[in-house]
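Below is one structure; the comments refer to it alone.
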Amino acid sequence: MNFKEEILNLKNELDVTIVAHYYQKDEVFELADIVGDSLELAKKAISTQHKNIIFCGVGFMGESVKVLAPEKRVLMPKIACCAMAKMIDVDYFNANLKILNDAGLSNNDILPITYINSSAAVKAAVGKMGGYVCTSANAFKIIEKGLTSGKKIFFVPDRCLGQNFAKQIGLKSAVVGIDNIEVVMQADIICFNGFCSVHQLFTVEDIEFFRNKYPGIIIAVHPECDPSIVEKSDFVGSTSQLINFITKELDPEQKVAVGTEYNMVNRLRPKNTYVLSSTKPECPTMNETTLEDLYNSLLSIKNETFANEIFVNDETVKYARIALERMFEV
Ligand code: 13P
Ligand code: SF4
């Protein structure tokens with residue numbers, strides 16, 4: 001079967017919008033109506049006129065669309081889970097708060113901020129405490145806004161993002177479970193001990209290798225990379241910020257090694273652009289979605305069986321939405 005042709009036919013016939021994150025396989029990415037990073041997708045997907053949204057990405061992204069637009073039907077060709085988002089659930093969130101409470105910090109003195117890479121349930125727990133969602137594109141602004149509350153920021157689940165932004169603003173950060181509790185209590189930004197398994201693949205040796213091989217090369221990385229990598233880089237930015245920097249701001253002759261997911265880097269201007277790794281840093285779960293899955297998802301709309309539909313309960317929608325909307329207000 002020619003999946004591409006069948007997908008195009010079904011797309012024309014059905015009341016559906018296909019959205020895809022930049023980390024999707026090329027063949028899936030090129031059939032999407034809307035592409036973007038997590039922030040762009042959350043905004044653009046909810047403004048579509050179509051009733052059905054097929055989200056090619058990872059679970060928390062589909063959930064975010066459902067939370068923001070519960071009247072839409074959101075389907076995912078694969079309910080793939082972001083490894084980082086899986087590192088925290090509401091029990092872990094509460095267990096970390098308990099550690100802080102036992103050390104003398106009450107919940108009234110804590111403002112939680114969750115990276116968008118978390119479940120709707122974690123976002124709701126954050127929303128209930130007056131906290132915010134952020135993405136890598138707006139984390140700086142959200143953290144600055146959070147600091148005006150005078151409370152300690154509890155940043156979940158990506159410790160690297162928390163540590164990198166704290167450093168950028170000149171604040172102290174510490175990680176629950178890694179640093180001792182006295183150090184944690186003195187930090188301005190207290191981080192949960194989660195991380196991205198893909199962005200952990202970039203090493204200081206990779207940077208040294210590229211700098212030695214191509215003197216003058218620019219190193220550009222995503223803030224999910226370890227602080228030791230960010231420190232040695234020339235540019236740090238979210239997915240959309242990296243794309244903008246590399247395609248619009250850099251001279252086309254300028255060599256650049258990029259520390260983020262492989263499919264995305266591969267799609268940037270091919271000449272003079274390198275993946276900052278000797279491995280192929282693909283996100284395994286983003287890569288789970290195939291053309292056949294997309295075809296099956298469309299077919300399930302046609303047959304009204306709606307495979308892999310995303311449901312979020314009303315209570316979770318209510319509070320997760322508050323945390324997401326607070327982000328949009330900032
Ligand atoms: P963006 O917010 O930059 O799209 O990143 C999402 C993500 O999962 C990066 O690993
Ligand atoms: Fe999650 Fe990392 Fe994959 Fe992004 S690259 S979806 S943070 S596992």
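The values are calculated or read from the model by the stated rules, or taken from the named source; none is laboratory data. These numbers come from a predicted model, not from an experiment. For neighbour counting, all protein chains shown are included, and Cβ atoms are generated from backbone atoms with ideal geometry for every residue, glycine included. Ligands, DNA and RNA are stripped out before the accessible areas are found, and what is left, the full protein with its side chains, is counted by its heavy atoms. Shrake-Rupley method; radii C 1.70, N 1.55, O 1.52, S 1.80 Å.
Data overview
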| read-out | value |
| --- | --- |
| Qualifying residue in the range 57-67 (condition: within 24 Å of N266 (Cβ to Cβ) and either more than 16 Å from ligand 2 (Cβ to nearest atom) or part of a loop (DSSP other than H, G, I, E, B) (or both)) | yes |
| Criterion: open to solvent by 50 Å² or more (accessible area, probe 1.4 Å) and within 16 Å of ligand 1 (Cβ to nearest atom) - qualifying residue of T260, T247 | T247 |
| Pairs with Cβ under 6 Å, 6+ apart, first in the range 282-295 and more than 16 Å from ligand 1 (Cβ to nearest atom), second in a loop (DSSP other than H, G, I, E, B) | D293/P77; D293/K78; L294/P77 |
| Strands (runs of 3 or more DSSP E) fully within the range 149-254 counting 3 or more residues that are touching a strand residue (DSSP E or B) at 6+ places or on another chain (Cβ under 7 Å) and free of Cβ contacts under 8 Å to residues at least 24 places away in the same chain | 173-175 |
| Filter result (open to solvent by 20 Å² or more (accessible area, probe 1.4 Å), closer than 21 Å to L242 by Cβ, assigned to a helix (DSSP H, G or I) and among the hydrophobic types (A, V, I, L, M, F, W, C)) within the range 1-48 | F29, L39 |
| Count of residues meeting criterion [of a type outside the set (D, E, K, R), surrounded by fewer than 24 Cβ atoms within 10 Å (Cβ to Cβ) and more than 24 Å from V183 (Cβ to Cβ)] in the range 125-141 | 4 |
| Qualifying residue in the range 45-54 (condition: aliphatic (A, V, I, L, M), under 25 Å from L147 (Cα atoms) and away from ligand 1 (no atom under 16 Å from the Cβ)) | no |
| When residues of the range 285-308 are limited to those that are among the polar types (S, T, N, Q), in a helix (DSSP H, G or I) and away from ligand 2 (no atom under 16 Å from the Cβ), the one most open to solvent (accessible area, probe 1.4 Å) | N296 |
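Okay, residues lined up against (1) within 16 Å of ligand 2 (Cβ to nearest atom); (2) over 30 Å from R321 (Cβ atoms); (3) open to solvent by 10 Å² or more (accessible area, probe 1.4 Å):
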position	(1), (2), (3)
G104	no, yes, yes
I143	no, no, no
G146	no, no, no
G162	yes, no, no
Q168	no, no, yes
V184	no, yes, no
A187	no, no, no
